[in-house]
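Every read-out reported here was derived from the displayed coordinates using simple, explicitly stated rules and does not represent laboratory data. The structure presented is a predicted model; accordingly, all values stated were derived computationally and were not measured. All Cβ positions, even for glycine, are placed from backbone atoms using ideal geometry, and neighbour counts span all protein chains on display.
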Amino acid sequence: MPYAYLQLTKSDRVATLTINRPDKLNSLSDDVIGELEAAIMEVRSATDIGGLIVTGAGRAFVAGADIAELSGQSVTEGRARAQRGQHVFSLFESSPKPVIAAVNGFALGGGCELALACHIRIAGEAAQFGQPETKLGITPGYGGTQRLPRVVGRARALELLLTGDRIDAAEAYRIGLVNRVVPGDKLMSECEALLRKMLANGPIAVALCIDAVNRGVNMPLKDGLALEAGYFGILSGTADMREGMSAFLEKRGANFRGK
Ligand code: COA
């Protein structure tokens with residue numbers, strides 16, 4: 001499907017989604033949010049795509065929601081805009097196919113929130129992160145107050161939220177906001193290599209790990225463990241489990257079919 005503000009490319013089961021509005025630092029207008037929803041649904045349903053890398057064109061990953069659009073919003077419109085963005089970002093988080101954020105530059109406000117909704121974050125050395133919304137007199141609206149403390153802990157999240165300060169890639173790594181930092185010119189190849197490792201594994205197992213972690217973090221431990229036991233049981237009935245274990249015992253690579 002053609003997009004005005006996104007590029008979606010596919011290469012041997014790896015999809016790359018590039019947010020492409022560089023003159024506005026890839027800020028998320030309502031139109032971009034609408035296209036992100038269509039694109040993640042396209043990725044989720046495409047049988048020839050196993051996983052997704054999300055990145056930004058130019059010097060930004062995403063510099064936030066489009067402030068020009070937010071500036072005139074009413075109370076009702078503000079709530080509705082937040083709910084819509086949260087819904088779209090949750091589609092990235094709940095994707096059964098792994099989603100990696102390749103953070104090439106500014107990941108501010110909604111950009112940091114989009115990265116947080118991805119399963120893994122890899123930063124290029126030029127990446128900068130922040131939740132500057134309080135500088136604009138608002139809270140984050142696309143999940144920042146909820147996902148950021150779950151990733152970096154409450155105190156560090158509150159420092160970022162209450163100051164609005166930007167942090168560089170090294171600091172983002174130090175506080176656990178990103179999985180790793182790589183040279184900018186290696187960002188896409190490192191993300192692809194990481195994604196391809198995941199795509200070599202059993203796809204049902206990968207999908208259920210994502211789901212168990214997503215659901216489990218919001219559950220009491222005993223409920224999360226029950227969920228895990230259920231998924232372990234489901235996997236035990238799959239051809240993929242038999243293939244994975246046979247391959248190990250026969251000292252060969254596994255050839256999973258997602259069945
Ligand atoms: N919404 C709308 N437009 C944005 C934007 C946003 N979140 N972020 C950047 N832009 C636009 C700028 O208005 C400018 O447009 P113009 O050339 O038509 O004037 C263009 O993108 C380039 O940005 P500019 O501010 O000139 O670049 P810079 O290098 O001086 O600063 C940032 C870069 C990221 C520090 C700065 O753009 C910024 O602070 N952006 C807002 C970040 C933010 O508060 N996000 C949360 C929003 S809720």
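For the reader, a short list of remarks on this structure follows.
- Taking 122, 100, 67 and counting other C-beta atoms within 10 Å, the order from fewest to most: 67, 100, 122
- With contacts taken as Cα pairs under 8 Å at a separation of at least 6 residues, segment 1-70 carries a relative contact order of 41 percent.
- Pairs from 10/251; 135/186; 24/97; 24/135; 97/259; 10/97 whose Cα-Cα separation, in the structure shown, is over 23 Å: 10/251; 135/186; 24/97
- Taking Lys and Arg as +1 and Asp and Glu as -1, the other residues whose beta-carbon sits under 12 Å from that of residue 25 total +1.
- Sorting 256, 61 by the number of Cβ atoms found within 10 Å of their own Cβ, with the fewest placed first, yields 256, 61.
- Cα-based shape type of the chain, given that a ≥ b ≥ c are square roots of the gyration tensor eigenvalues and the cut on a/c is 1.5: prolate
- Relative contact order (%) - the chain, alpha-carbon pairs under 8 angstrom, separation at least six: 15 percent
- Relative contact order (percent, whole number), segment 159-259, Cα cutoff 8 Å, 6+ residue spacing: 22 percent
- Inter-part distance, segment 169-193 to segment 3-49, computed on C-alpha centroids, equals 21 Å.
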